Ligand code: ATP
Ligand code: MG
């Protein structure tokens, strides 16, 4: 026998039973996006590598070690998208979406690709859905985008088991202030920091704050706080965000060490985490990125967004509040005898056109085997078609729940089952 081809490490097959849960989640996502007046955008799965190098940042984990990069026949360097904010912003600029409306509220869903070490909740192909509000600099926009994810959690019934961590890195002036203050604090302690953190001291000192190394953590505990380095307008922006969250009853934890891994953030940054997960506890991350549109060649345009990992969200949902999924059909046609077998596809087609979910046997099995299949599929009814029934234009309709069986005209099956 030829060898079986195995799937690539770190990717998943989503089989029908699992896919039903995805669909239930996607229904909730669509409904909430619609209520918040966000429109769906579907950018391509691969982009020029340069977009991510510039948009996500050369020093980030994503760009420095996680991207799937290849070249095509034209020898351009292309990359499977590791995240979608850069792609959405590229699309916003290229399609002149600022001309459509001064604030563009966009959402997306799709697979992302990162070469990471696979483990529970961390895959090489994984799915995200996300939202971006491009055009408003004001704190009410920050609050709306946070409320959007919070509402999705509420509709899923898991808001109680998820917490919101929030912080601000301020505008570029504040960030620069803080960078200096942090480096001044760390410089005399540099030799005691982990190798990774020493490496980040020049390139990206803020990232040292989320180091997990025990020694680093001790040193970080005494570090200056970002909030103390915010300039007046950054500080005001942030306190307005917190006040509006308070007013709306959205609970949060101020997290001085939250910095997030991407380079493009300004002002408000946030993360939703769940105790139902192990080490990979973040289900959503986001923040304001006021400089990105300009850095990618557009006009100065403030923006804010988040992205959430679907596989991780489903792990939380499974642990807390499993989604209702329907994996049953309305009716299974049990056709008996060779003459009637060839009528089966046509009859089932009329029922399907009438709006029923139904199925029939294509393996020419016995009546008993067909009834077993009807049961396996959780059919509400079996429609038994023998020569005599067919001569009268009828089927015997068996209700599996009550056990009742009655003769029903073939063209009345849809209305009978629907009522
Ligand atoms: P983490 O800290 O877990 O590495 P991240 O900061 O890299 O997360 P983001 O880039 O902010 O994550 O992506 C947003 C969300 O996408 C995460 O909160 C998580 O739910 C999900 N996610 C990120 N990377 C993966 C992955 N490799 N596999 C599955 N889900 C992922
Ligand atoms: Mg990561």
- Task: Could you tell me which numbered condition residue 212 fails, if it satisfies all but one of (1) farther than 17 Å from residue 288 by Cα; (2) free of Cβ contacts under 8 Å to residues at least 12 places away in the same chain; (3) outside the structural domain of residue 305 (by TED's automatic domain parsing); (4) outside any loop (DSSP other than H, G, I, E, B)?
- Result: (4)
- Note on the structure: Of the residues in the range 84-103, those that are surrounded by 23 or more Cβ atoms within 10 Å (Cβ to Cβ) and part of a loop (DSSP other than H, G, I, E, B) come to 84
- residue 11 vs. criteria over 30 Å from residue 301 (Cα atoms), more than 16 Å from ligand 2 (Cβ to nearest atom), in contact with a strand residue (DSSP E or B) (Cβ under 6 Å, 6 or more places away or on another chain) and not assigned by TED's automatic domain parsing to the domain that holds residue 122: yes
- Single match in 49, 27 (criterion: within 20 Å of residue 314 (Cβ to Cβ) and assigned by TED's automatic domain parsing to the domain that holds residue 296): 27
- Message: Among the numbered criteria (1) buried (at least 17 other Cβ atoms within 10 Å of the Cβ); (2) in the same structural domain as residue 166 (by TED's automatic domain parsing), which one does residue 207 miss?
- Response: (2)
- Task: Considering each residue of the range 157-174, count those that are crowded, with 21+ Cβ neighbours inside 10 Å and either out of contact with any strand residue (DSSP E or B) (no Cβ under 9 Å at 6 or more places or on another chain) or part of a helix (DSSP H, G or I) (or both), and give that number.
- Result: 1
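May I ask you to list the residues in the range 104-122 that are within 10 Å of ligand 1 (Cβ to nearest atom) and in a strand (DSSP E or B)?
Correct list: 112, 113, 119, 122.
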- Task: Filter the strands (runs of 3 or more DSSP E) completely within the range 262-320 down to those with at least 2 residues that are more than 10 Å from ligand 1 (Cβ to nearest atom) and assigned by TED's automatic domain parsing to the domain that holds residue 112.
- Result: 266-274, 303-309
- Item | Test: residue 301 is touching a residue at least 40 places away in the same chain (Cβ under 8 Å), more than 16 Å from ligand 2 (Cβ to nearest atom) and within 21 Å of residue 82 (Cα to Cα) | no
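For the range 110-134, which residues satisfy the criterion of being under 24 Å from residue 36 (Cα atoms) and either surrounded by fewer than 20 Cβ atoms within 10 Å (Cβ to Cβ) or within 16 Å of ligand 2 (Cβ to nearest atom) (or both)?
The answer is 110, 111, 127, 128, 130.
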- Query: Across the range 78-103, what is the total count of residues that are within 13 Å of ligand 1 (Cβ to nearest atom) and under 14 Å from residue 304 (Cα atoms)?
  - Reply: 3
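The values are calculated or read from the model by the stated rules, or taken from the named source; none is laboratory data. Being a predicted model, the structure only gives us computed values, none of them experimental. We place every Cβ from the backbone using ideal geometry, glycine too, and count neighbours over all the protein chains shown.
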